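See below for the structure under consideration.
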Amino acid sequence: DGPRSVEMVLPVPILVDGYYREAAVVAFRERDNRPVAPLSVAASSVLGGYVGEWNYPPDFVTDCDPDTFWRGDPTLSPTAEKPAWLQFQFSEPLPATGIYVAPSAEGGPRDCELQAQDDDGSFRSVLSFVMEKGKPKRLNFSPASSTCFRLLIKSAYVPDVQIAEAWL
């Protein structure tokens with residue numbers, strides 16, 4: 001509930017020779033309900049600016065701001081044979097059980113597949129799904145543990161895929 005003073009009786013710890021004196025109480029913040037942030041997010045392509053800057057970088061999908069989004073290169077429209085992708089790298093294996101994907105208002109992915117990377121570097125399919133234009137979607141699946149997950153986008157509503165948020 002934030003920083004504040006609290007008066008409460010704490011349980012007495014084990015005494016040594018009947019002696020005990022409080023010096024301090026250390027409090028730890030409870031784990032919040034936000035998803036685990038990946039170490040990095042990579043993409044198959046990024047729409048760049050005039051001097052090579054990334055105006056719509058892939059890490060915008062994990063910034064908790066629905067007004068920012070990743071935007072793929074419109075000259076590389078995703079197909080089943082050459083899908084666009086977002087790759088989420090974690091520092092330790094993440095036991096994922098669901099995914100949330102929110103497209104931008106103008107256009108987002110249509111046919112998608114979530115994959116998890118195995119120890120040998122190959123990817124296995126975890127879940128295939130279809131998105132509706134402009135509507136976020138939350139999906140649950142059987143637990144899949146990996147340090148790297150990849151969201152394949154096999155088709156989109158516009159040539160330049162646009163995703164505002166994506167969380168495992």
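The values are calculated or read from the model by the stated rules, or taken from the named source; none is laboratory data. None of the values given here were measured: they were computed from a predicted structure. Ideal geometry is used to build each Cβ from the backbone, glycine not excepted, and the neighbour counts take in all protein chains shown. Each accessible area value is taken on the protein alone, full model and side chains, heavy atoms only, with ligands, DNA and RNA left out. Shrake-Rupley method; radii C 1.70, N 1.55, O 1.52, S 1.80 Å.
Just a few scattered comments:
- Residue check, Arg71 within 19 Å of Ala42 (Cβ to Cβ), surrounded by 13 or more Cβ atoms within 10 Å (Cβ to Cβ), among the basic types (Lys, Arg) and at pLDDT below 95: yes
- Some residue of the stretch 123-134 being modelled with pLDDT of 95 or more and among the hydroxyl-bearing types (Ser, Thr, Tyr): yes
- Taking the stretch 77-168 as the region of interest, the strands (runs of 3 or more DSSP E) fully inside it that hold 2 or more residues being more than 19 Å from Pro58 (Cβ to Cβ) and open to solvent by 10 Å² or more (accessible area, probe 1.4 Å) are 84-103, 123-130, 137-153.
- When residues in the stretch 84-113 are screened for being of a type in the set (Phe, Trp, Tyr) and out of contact with any Lys or Arg (no Cβ under 6 Å at 6 or more places or on another chain), 2 of them pass.
- Tabulated pairs, the stretch 22-49, first at pLDDT 70 or above and polar (S, T, N, Q), second open to solvent by 80 Å² or more (accessible area, probe 1.4 Å) and part of a loop (DSSP other than H, G, I, E, B), C-beta under 8 angstrom, 6+ apart or interchain: Ser44/Leu76; Ser45/Leu76
- Flag for Ala80 being touching a residue at least 40 places away in the same chain (Cβ under 8 Å) and under 17 Å from the mean Cα position of the chain (by Cα): no
- Residue check, Asp65 surrounded by 17 or more Cβ atoms within 10 Å (Cβ to Cβ) and acidic (Asp, Glu): no
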